[in-house]
1. If you check Cys209 against the conditions, is it part of a loop (DSSP other than H, G, I, E, B), in contact with a strand residue (DSSP E or B) (Cβ under 6 Å, 6 or more places away or on another chain), under 24 Å from Lys146 (Cβ atoms) and not assigned by TED's automatic domain parsing to the domain that holds Gly141?
2. For the range 134-150, name all the residues that are out of contact with any strand residue (DSSP E or B) (no Cβ under 7 Å at 6 or more places or on another chain) and buried (at least 16 other Cβ atoms within 10 Å of the Cβ).
3. For the range 19-113, which strands (runs of 3 or more DSSP E) that fit wholly inside it have 3 or more residues that are at pLDDT 95 or above?
4. Could you grab me the full set of residues in the range 245-262 that are crowded, with 21+ Cβ neighbours inside 10 Å, out of contact with any Pro (no Cβ under 6 Å at 6 or more places or on another chain) and in a loop (DSSP other than H, G, I, E, B)?
5. With respect to Gly64, is the statement that it is under 17 Å from the mean Cα position of the chain (by Cα) and not charged (D, E, K, R) true?
6. Which residue out of Ala155, Ala236 is in a helix (DSSP H, G or I) and over 23 Å from the mean Cα position of the chain (by Cα)?
7. Checking Leu123 against (1) within 16 Å of Lys15 (Cβ to Cβ); (2) surrounded by fewer than 19 Cβ atoms within 10 Å (Cβ to Cβ), only one condition comes out false. Which one?
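The values are calculated or read from the model by the stated rules, or taken from the named source; none is laboratory data. Just so it is clear, the structure is predicted and the values come from calculations on it, not from any experiment. We place every Cβ from the backbone using ideal geometry, glycine too, and count neighbours over all the protein chains shown.
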Amino acid sequence: MSSKVRRKPRIAVFKFASCDGCQLSLLDAEDELLGIAGALDIAYFPEASRSMGTGPYEIGLVEGSITTHHDAERIQEVRRQCKTLITIGACATAGGIQALRNWKDVDEFIRIVYATPKFINTLKLSTPVAEHVPVDFELRGCPINKHQLIEVITATLAGRKPNAPTYSVCMECKRKGTVCIAVAQGVACLGPVTQAGCGALCPSFDRGCYACFGPMESPNTGSLSNQLRILGQNNAEITRAFRSFNAWAWQFRKASEESERT
């Protein structure tokens with residue numbers, strides 16, 4: 001009696017407005033990627049394959065923010081094709097660095113940059129995927145941590161909740177034995193409100209955290225803003241600090257706008 005061959009779960013990787021860095025993090029997984037490839041059918045991944053399998057897919061990984069009318073329509077189709085939708089990176093989860101345009105006049109940018117503005121069809125805002133469709137899990141980072149990505153994929157296949165940190169970068173500093181640069185050196189650092197994931201890379205080299213992994217769970221941005229003022233930062237500098245890779249994350253957006261109004 002012949003046994004029925006079990007079909008591998010199909011995965012797809014989609015790109016919207018982004019730099020491709022998070023997709024490259026998946027390719028950089030190397031040995032771990034081979035293990036994933038053995039357990040999954042990587043059906044759609046334009047960055048790495050010429051074979052483009054059509055949906056439906058068990059898992060969809062989405063990199064990039066929604067910036068055009070075409071993007072807004074396409075993400076709806078992607079959501080319909082994917083049983084589980086996972087957004088990866090700051091662009092997909094918080095609008096990315098391109099969300100800085102959300103505080104400015106996009107039409108003015110188009111007039112300045114493009115010789116024929118009428119050919120440009122874009123949205124006024126650069127927004128995260130979750131503002132357009134339901135998302136099952138958001139993986140932070142600019143770029144993402146490849147080990148966290150492997151964990152999220154593995155957990156999804158196993159039907160369990162991913163083991164991803166929600167605590168701050170300060171915890172990573174303590175675990176590494178890194179002396180707090182804000183306390184010891186008076187360096188402005190966003191570590192207290194930033195989600196862990198980078199291994200406290202910048203503080204390890206005496207640089208303040210830039211919040212690449214976005215806001216931690218329940219960040220006290222108001223308290224940190226006051227601390228940054230004590231360290232000599234003015235309101236304009238505090239506003240700029242919160243407006244970087246994850247500027248449109250609502251906790252950072254609120255903090256930057258409060259500093260701008262002060």
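1. Yes; evaluated as a whole, the condition is true for this residue.
2. Gly141, Cys142, Pro143, Asn145, Lys146, Ile150
3. Hits in the range 19-113: 57-63, 82-88.
4. Hits for the range 245-262 are Phe245, Asn246, Ala247, Trp248.
5. When the stated conditions are applied, Gly64 passes them.
6. One residue alone meets the criteria, Ala236.
7. Failed condition: (1).
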